[in-house]
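Undergrad: I have a structure here, written as structure tokens, and I will follow up with some questions on it.
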Amino acid sequence: MMSSAMKGHTRQMASGLGGVLGTVTASGVKLDDFKHEIQDYLLAELPGMPESGGFKPGDRVLAIRVNGGSDIVVLCKVVGADG
């Protein structure tokens with residue numbers, strides 16, 4: 001049986017894993033699970049994507065946390081099934 005302290009540490013450690021949705025703003029990106037806008041973030045360089053990422057304010061994006069959660073990398077734009 002796992003102690004409650006161990007469960008708390010495990011939950012805290014795993015909370016920074018995986019992708020998170022966000023919205024591009026005029027001056028950064030606002031992640032759905034973080035209340036502040038992030039202005040200093042990284043963009044994944046993918047083949048065929050413009051250097052700026054081609055994102056505009058209001059676009060929904062998929063991001064991941066790296067370096068222990070101290071950096072955010074925006075991976076791609078997210079669109080609905082109908083485009």
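Where a number appears in this text, it was derived from the coordinates with a stated rule and is not lab data. On a predicted model such as this, the values are computed, not experimentally measured, just so you know. Cβ atoms come from the backbone with ideal geometry, glycine included; neighbour counts cover every protein chain shown.
Undergrad: Taking 0.36 nm per residue of separation and subtracting the Cα-Cα distance, what length does fully extending Glu51 through Val66 add? Write down the numbers at each step before the final one.
TA: Details: separation 15, 0.36 × 15 = 5.40 nm, distance 2.04 nm.
Here the answer is 3.4 nm.
Undergrad: I would also like to ask the following. Please sort 51-59, 23-31 by packing, taking for each peptide the average over its residues of neighbouring beta carbons within 10 angstrom, highest first. Mind showing how you got there, number by number?
TA: Values: 51-59: 12.1, 23-31: 15.4.
Those peptides, ordered most packed to least, come out 23-31, 51-59.
Undergrad: Across the stretch 78-83, in residue order, what do the Karplus-derived ³J(HN,Hα) couplings come to in whole Hz, using 6.51 cos²θ - 1.76 cosθ + 1.60 with θ = phi - 60° and x for Gly and Pro?
TA: The phi angles translate into 10, 10, x, 4, 8, x Hz.
Undergrad: Once amide H atoms are built 1.01 Å from N in the peptide plane, which residues 5 or more positions from Thr25, or in another chain, come under 5 Å H to H?
TA: Counting only residues 5 or more places away or on other chains, the set is Lys30, Gly58.
Undergrad: Starting at the first residue of the stretch 63-76, write each ³J(HN,Hα) from the Karplus equation 6.51 cos²θ - 1.76 cosθ + 1.60 with θ = phi - 60°, in whole Hz, x for Gly and Pro.
TA: 10, 10, 8, 9, 6, x, x, 7, 10, 10, 10, 7, 8, 6
Undergrad: From the Cα gyration tensor of the stretch 17-83, with a ≥ b ≥ c the square roots of its eigenvalues, which class applies: rounded if a/c is under 1.5, or else prolate if a/b is larger than b/c, or else oblate? Numbers along the way, then the final one.
TA: On the way: a/c = 1.40, a/b = 1.26, b/c = 1.11.
Rounded.
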